[in-house]
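Every read-out reported here was derived from the displayed coordinates using simple, explicitly stated rules and does not represent laboratory data. Small disclaimer: the values here were computed from a predicted structure and weren't measured. FYI the Cβ positions are ideal-geometry reconstructions off the backbone, even for glycines, and counts take in every protein chain you see.
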Amino acid sequence: MAQKKIGIIGAGTAGLHLGLYLRQHDVDVTIYTDRRPEEYASMRLLNTVAHHSVTIAREQALGVDHWAGLGYFGHYYYIGGPQPLRFYGDLKAPSRAVDYRIYQPALMNDFVERGGRIEYKTLEASDVPELAAAYDLLVVCTGKGPLGQMFQHRAEYSPFDRPQRMLCAALFKGIAEAPIRAVTMSFSPGHGEMIEIPTVSFDGMVTALVIENIPGGDMEIVARQKYEDDPDAFIMMLIGMLRVNHPSVAERINEW
């Protein structure tokens with residue numbers, strides 16, 4: 001019987017984990033992506049994804065647990081308002097956040113070292129039928145770019161026709177860790193939410209802030225003011241907004 005051939009479009013976490021799993025079982029597999037591993041380091045922050053214990057267990061099973069011991073152990077919560085509420089909860093097992101500009105190329109290199117192939121090209125939705133004919137199975141593991149046209153929004157499954165939050169996300173130094181290394185979930189009623197995530201990046205452990213601002217709320221300016229226009233002014237504005245809306249994180253910022 002001829003060996004089965006599988007193609008995967010997309011070298012994100014889903015595509016790479018699938019490809020690595022298939023190589024563990026000696027399946028002939030090719031991943032298609034438009035980004036080479038060496039291109040990631042110079043890119044802007046891709047996301048602020050954290051992997052929970054179920055995903056870390058998969059990484060261990062796949063032999064790609066390159067960041068053991070660098071996880072976090074729980075969630076702090078801050079809920080603002082007239083009577084602010086603070087509490088903490090342990091995770092059953094540690095979670096971990098690794099900058100995807102490090103994570104993705106590391107797993108791409110693992111995949112190639114284990115006999116997988118990566119084809120670097122930009123694909124259009126119109127390319128899918130031809131690729132599908134070349135493989136026993138073609139898996140689409142991306143929704144970005146032209147391929148996103150294959151997966152249209154279905155209004156019957158969502159009451160919203162526009163974004164409900166304006167996001168601002170970045171990596172920061174100078175925010176002290178809480179007594180237990182953990183995520184902080186902060187809620188500012190009427191203005192939005194913020195997630196503080198201990199993250200492994202190029203300079204070691206840093207802090208990711210994912211600021212989810214309600215349009216029309218006090219925090220909307222954080223998403224509208226551009227850091228590049230005046231970095232110092234942006235940082236001062238951000239610290240002031242955090243003091244009012246997310247004080248459990250602001251109180252740990254080294255402003256000097």
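Go through the stretch 166-206 and name the GluC sites (Glu not before Pro) that are in a DSSP coil and have 15 or fewer other Cβ atoms within 10 Å of their Cβ.
Glu177
Check each of the trypsin sites (Lys or Arg not before Pro) in the stretch 15-85 and keep only those in coil by DSSP with at most 11 other C-beta atoms within 10 angstrom; list them in order.
Filter output for the stretch 15-85: Arg44.
Under 5 Å between amide hydrogens, which residues at least 5 positions from Ile8 or on another chain qualify, with H placed 1.01 Å from N in the peptide plane?
For Ile8, the qualifying residues are Thr30, Ile31, Tyr32, Val139.
Rounded to two decimal places and with Rh computed the Kirkwood way over Cα pairs, what is Rg over Rh for the stretch 69-124?
1.28
In whole Hz, with x marking every Gly and Pro, tabulate ³J(HN,Hα) for the stretch 242-256 from phi via Karplus 6.51 cos²θ - 1.76 cosθ + 1.60, θ = phi - 60°.
5, 4, 7, 9, 9, x, 5, 8, 4, 5, 9, 7, 8, 7, 9
Calculate for the chain the 222 nm mean residue ellipticity that helices alone would give, adding -39,500 (n - 2.57) per DSSP H run of length 4 or more and normalising by residue count, nearest 500 deg cm²/dmol.
It comes out at -7500 deg cm²/dmol, rounded to the nearest 500.
Just Phe234, Phe187, Phe160 to compare: in a GNM of the chain, with alpha carbon springs under 10 Å, which one fluctuates most?
Greatest mean-square fluctuation among the candidates belongs to Phe160.
Looking at the P(r) of the stretch 1-142, how many percent of alpha-carbon pairs lie beyond 25 Å?
Here the tail beyond 25 Å accounts for 39 percent of pairs.
Can you tell me which of 86-93, 149-156 comes out highest on packing, and rank the rest after it, using the mean Cβ neighbours within 10 Å?
Packing proxy ranking, top to bottom: 86-93, 149-156.
Which ³J(HN,Hα) values in Hz, rounded to whole numbers, follow from the phi angles of the stretch 126-136 under the Karplus curve 6.51 cos²θ - 1.76 cosθ + 1.60, where θ = phi - 60° and Gly and Pro get x?
5, 7, 5, x, 5, 5, 4, 6, 8, 10, 6
Under 5 Å between amide H atoms, partner at least 5 residues away or on a different chain: which partners does Leu167 have, H built in plane at 1.01 Å?
Those qualifying (amide H under 5 Å, at least 5 residues apart or on another chain) are Asn213.
For every other residue with a beta carbon closer than 11 angstrom to the beta carbon of Lys4, add +1 if it is Lys or Arg and -1 if Asp or Glu, then tell me the sum.
Residues near Lys4 contribute -2 overall.
Relative to the longest principal axis of the chain, what angle (0 to 90°, nearest 10) does the C-alpha long axis of helix 13-24 take?
40
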